[in-house]
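The values are calculated or read from the model by the stated rules, or taken from the named source; none is laboratory data. Given the structure is predicted, the values throughout are model-derived calculations rather than measurements. Using ideal geometry, Cβ is built from the backbone for each residue, glycine included, and neighbour counts are taken over all protein chains shown.
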Amino acid sequence: MDKNTIWQLITKQLPTDKEKQVWDEIVQSPELLTTYKDLKRTWSLSGSQPQFSDEQLEQRYSQFKNRYQKPSIGTKFLRQFAGYAAAIIIAFAASYALWHISDKSKPITNQVMHFEAGQGSINSFVLADGSIIWLNSNSSIDIVSIADNSVEVNLTGEALFDIIHDDKRRFIVNVRNLIIEDLGTRFTVRNYNNDNEITATLIDGEIAVKDSAHLLSQVLAPGQKLSYSIDDGTYTINTIDTTYTGKWTEEKFEFVNKTLGDIARDLENWYGVTITFKDDKLKQERFTGVIQKSTSIENVLDIITYPAGIKYSINASKNTKEIMIH
Amino acid sequence: MQYSLDIDMSLLKSGHEATFEQVYNAFYSSLYFFANQYINKNADAENLVQETFLALWMYKENLSGNTPGSIKAWLYTTLKNKCLNHLEKESHKLNYNNHQLHQYKIDIDILGHMEISEVTFDEIERLLYKALEQMPEQCRRVFEMSRFKNLKNKEIANSLNISTKAVEANITRALKHLRIHLKDYLPLCILLGLL
């Protein structure tokens, strides 16, 4: 194989089937592999593709500014924000995007804003008043209205809200038929489509949880967790240890006396795998621990299953991995 | 070359926004191109580039170098590390086939061993200049203006007092010349986007 073929591979000029064939040849020859690495390194550093047009650059730059900077206050604010971002990035060693949502002096009304965190990623964004919302993997949030006296959001998935309470401004989270209102506070709400319950856990402050039919109206105290069944509308309130609640914002799994069934859904959301149980009884096994998300799923499974003497197998096909627990 | 552009480092360090924007515009395209070689999803590559500029904004006061070239090396190094982190995280996910995982491993290896300094970019430039020296005068001037100063054909025509058609013809000639002259440097030609 000549250099030119490797170049064509790197510069993506080969048809897919040929690509695979060339690739297989390269990985089998240390010599070709070295050439490949050298060429790819140089090519990537060359900056040789068509430049972005002025308009495209302008658009990127304003996107950049909107994300990280509050225009009216200018650079001073950016520095504050950037400092904050640095703290997060350093503390949690992960990549986050900070969005700035609205300028308090000029509230955006009746404008829907959509944010999401894809599989295996966590996003956070900051509201104009400094409140922070963290989105867990596979989650999305719509800010449906920001008015002088209220902010309303719709949530799918899981989020942690660290809201700076303002008596003159209500902050409301809608999840299906539940309405959760901040009364000054830090709390998490979980409402994944593959969950059969909605949970709201209060870490600090006070929140009110209501449903649209007015059958439920509860004010939670710190450390309380409300679980609401989607099937029949019943709910329970438990007092839990919130030390690990919201640990996912630090890219860690937090499992406190959690059942394997619940853990499996967290792993599915993060790693994009399918987990099935041979015996439903296994779903009731419980586990407590905090695990780094940057680790591989095999590691996580080893940690969880080994002490309980449970075995698992992985069946990998094209783009999906199926895991069977038995 | 590309960054024969003038960047006032003291203005950048003091947080002068127009200067920052100038740096952003000068390097965005090539940084994106870099990230895109290793990160499959365009949106992810774009995010990493944006984060790199955020990092520049955050650490601008503490930049050690004082030349535009040193910013370039700093930006590339920062982006390289971000790509590396991203790939390592991705490679732990399971929804990839062996072929993709293999590619991740090799890319991680390339990035892990990549040292970027001003000299890195000088090497590439030197080769190009060597080729340019062999060109007829007018032809070279047109090519340099177009390629390195990013001037539009019309602007070149005005400043050299020739027609736009002549500018186009000269660029074509320059490219052809480079192609012939650099045939031993095929990688470089591709590298410079000339083929």
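Quick rundown of the values:
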quantity: First in region B:44-66 and acidic (Asp, Glu), second anywhere and assigned to a helix (DSSP H, G or I), Cβ under 7 Å, 6 or more apart; calculated: B:Asp44/B:His86; B:Glu46/B:Tyr32; B:Glu51/B:Lys82; B:Glu61/B:Lys13
quantity: Residue count for region A:182-225, restricted to those that are hydroxyl-bearing (Ser, Thr, Tyr), under 15 Å from A:Ser139 (Cβ atoms) and not in a loop (DSSP other than H, G, I, E, B); calculated: 2
quantity: In region A:304-317, residue surrounded by the fewest Cβ atoms within 10 Å (Cβ to Cβ) [restricted to those that are modelled with pLDDT under 80 and more than 19 Å from A:Lys281 (Cα to Cα)]; calculated: A:Ser317
quantity: Qualifying residue in region A:238-248 (condition: assigned by TED's automatic domain parsing to the domain that holds A:Glu197, of a type in the set (S, T, N, Q) and at pLDDT 85 or above); calculated: yes
quantity: Count of residues meeting criterion [within 19 Å of A:Lys247 (Cβ to Cβ), aliphatic (A, V, I, L, M) and in contact with an Asp or Glu (Cβ under 6 Å, 6 or more places away or on another chain)] in region A:271-326; calculated: 1
quantity: Failed item, numbered, when A:Leu260 is tested on (1) touching a residue at least 60 places away in the same chain (Cβ under 8 Å); (2) within 20 Å of the chain's Cα centre (by Cα); calculated: (2)
quantity: Evaluation of B:Ser70 against (1) buried (at least 17 other Cβ atoms within 10 Å of the Cβ); (2) away from chain A (no Cβ under 11 Å) (one fails), failing number; calculated: (1)
quantity: One residue from A:Asp232, A:Asp266 being surrounded by fewer than 15 Cβ atoms within 10 Å (Cβ to Cβ) and free of Cβ contacts under 8 Å to residues at least 24 places away in the same chain; calculated: A:Asp232
quantity: Evaluation of B:Asp107 against (1) without any contact (Cβ under 8 Å) to a residue 60 or more places away in the chain; (2) in a helix (DSSP H, G or I); (3) within 9 Å of chain A (Cβ to nearest Cβ); (4) of a type in the set (D, E, K, R) (one fails), failing number; calculated: (1)
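Here's the yes/no breakdown for (1) part of a loop (DSSP other than H, G, I, E, B); (2) more than 9 Å from every other protein chain (Cβ to nearest Cβ); (3) surrounded by fewer than 16 Cβ atoms within 10 Å (Cβ to Cβ):
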{"site": "A:Lys12", "(1), (2), (3)": "yes, yes, yes"}
{"site": "A:Asp17", "(1), (2), (3)": "no, yes, yes"}
{"site": "A:Lys20", "(1), (2), (3)": "no, no, yes"}
{"site": "A:Trp23", "(1), (2), (3)": "no, no, no"}
{"site": "A:Tyr36", "(1), (2), (3)": "no, no, no"}
{"site": "A:Leu39", "(1), (2), (3)": "no, no, no"}
{"site": "A:Arg60", "(1), (2), (3)": "no, no, no"}
{"site": "A:Gln63", "(1), (2), (3)": "no, no, yes"}
